[in-house]
Amino acid sequence: MKHRTLAAVLATALAAPLTAAAAPAPGLTPLEISPDGRSFTAGGAPFLWLADTAWGLLASGDPAEVEHYLDVRAAQGFTVVQTAVPAGGDWARVDTAVAEAAERGLRVAITPAQPDPGLGPFLGERYGDRVVWVLGDGSGDDAPEWSAVADGIAAAAEPDPLMTFAPGPGGSSSDAVGAVEWLSFGQFRSGPCSAVGDLVARLRSRPPVRPVLDAQPSYEDAPACAGPGRTEAVDVRRSAYADVFAGAAGHTYGHHAAWADDPAVRAAALVDEGATQMAHLRALTDSRSARTPAPRLLTEGTAGVLRGPDHLMAHAPAGEGFALDTTGLPGDALRAWWFDPRTGEPVDAGSVQRSGSTPFFPPVTGPEDAELDWVLVIDDVAAGLAPPGRQ
């Protein structure tokens, strides 16, 4: 089976003739950087970057398949489609895809084929701030040439669109281009067997303050990072929650067979278990605003911890118990929930007593559940919040 990777798509892509063209009709509210510089907003509301890497989308010659893909990803809760410019540079096709995605509430992040002279002003004039630009071919090379493209986009677009640089394996945007003004948010590539939370924390610590994203984690159904076998839903799910609970502005999902040559394989990949479960992460973050990492509240065990104004959340990646310092949480009474990342269902865990090290144990119904991840949510009862994952 042949799979279309980013490198394969870009290797066959050709730059379009850079002729003047009318910009596509306005779509969704453009994305902006949040006031604290750590995440995204859309129309002033918090926005979770939950992207799918659809590298072959714009090269597809079947409009019905493109529409079906967008329908499914929108229904699964994705918010961004990340793709590459099509072979031959058919910008009318790009216009259509951007408009079709916008109709379904999806933003589009696009990687141009190559840093041709004049490309930046062309893209800036044509798309304004309606597209997010992910510059570079994923090798980490040619950063100066892509910086020139970015400067051209920024000069021609009004207002400025969001832009980033696609880093090479094991690298980050900041490593490649430095603290350039046009870099709206930073990316890194975790890949398989990486300590994702540590990578997020490391990039967040680098000035200037900007959102951080994992550009290419381990894909679903990809070769396992150690030993035989393939990655499964639990692997991509743990990676996604590790990103968000370490303070990333979202997560980028991918499936190894999403753009295989066989249409039946592509169709099955589109609804694989891990992709479907991304909707639960979206529902959880829509129901709770916690985005600030609070690792100091973890007093024992392993968990990523986020704190909000009237609640906190902790993700236990392997179903093991852990302990939290609950003394500083607001309110007279605290209520806990367990949120199941596999089903999106909340489980009432009752009241919580304050202490410097309160133990918590995920609900385990049998041996097959012993290593599965769970999310603990603790709310100030007076805040009147709905169960996690519910509006």
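Under a 10 Å cutoff between Cα atoms, tell me which one of Gly308, Gly319, Gly61 has the largest fluctuation in the Gaussian network model of the chain.
Looking only at Gly308, Gly319, Gly61, the biggest GNM fluctuation is shown by Gly61.
Can you put His315, His256, His68 in order, fewest other beta carbons within 10 Å first? Spell out each step's value before the answer.
Working: His315 27, His256 19, His68 14.
The order, fewest Cβ neighbours first, is His68, His256, His315.
For region 268-285, in order, what is each residue's ³J(HN,Hα) by Karplus, 6.51 cos²θ - 1.76 cosθ + 1.60 with θ = phi - 60°, in whole Hz (x at glycine and Pro)?
Karplus values, whole Hz, x for Gly and Pro: 5, 5, 4, 10, 5, 4, x, 4, 4, 6, 4, 4, 6, 5, 4, 5, 4, 6.
Which far-off residues, 5 or more places away or on another chain, put their amide H under 5 Å from the one on Phe322, with H placed in the peptide plane?
For Phe322, the qualifying residues are Phe360.
If one computes the Cα centroid of region 272-301 and of region 104-143, what distance in Å separates the two points?
Cα centroid of region 272-301 versus Cα centroid of region 104-143: 30 Å apart.
Per DSSP H run of n ≥ 4, the term is -39500 (n - 2.57); total these for the chain, divide by its residue number, and report the mean residue ellipticity at 222 nm rounded to 500 deg cm²/dmol. Each step should come with its number before you reach the end.
Numbers: 10 runs with 106 residues, N = 391.
The helix contribution divided over the chain gives -8000 deg cm²/dmol.
Among Cys193, Cys225, what is the fewest-to-most ranking by other Cβ atoms within 10 Å?
Final ranking by Cβ density, sparse to dense: Cys193, Cys225.
For a quick check: with amide H placed at 1.01 Å from N, whose amide H comes under 5 Å from Glu345's, ignoring anything fewer than 5 positions away on the same chain?
Asp340
Using the number of other C-beta atoms within 10 angstrom as an exposure proxy, rank Ile378, Ile153 with the fewest first.
Final ranking by Cβ density, sparse to dense: Ile378, Ile153.
Can you list the HN-Hα couplings for region 122-137, worked out from phi with the Karplus curve (6.51, -1.76, 1.60; θ = phi - 60°), rounded to whole Hz and with x for Gly and Pro?
4, 5, x, 5, 6, 10, x, 9, 8, 10, 8, 9, 10, 8, x, 9
Dipole of the chain, Cα-centred, from +1 at each Lys and Arg C-beta and -1 at each Asp and Glu C-beta, to the nearest 20 debye?
Working: 27 positive and 49 negative charges, 123 e Å.
Once rounded to the nearest 20, the dipole reads 600 debye.
Can you list residues from other chains, or at least 5 along the same chain, whose modelled amide H is less than 5 Å from the amide H of Gly89?
Leu14
Bear in mind these aren't lab numbers, they're just calculated from the coordinates by the rules spelled out. Note that the structure is predicted; figures quoted are calculated from it, not measured. Note that each Cβ is placed from the backbone with ideal geometry, even for glycine, and that neighbours are counted across all protein chains shown.
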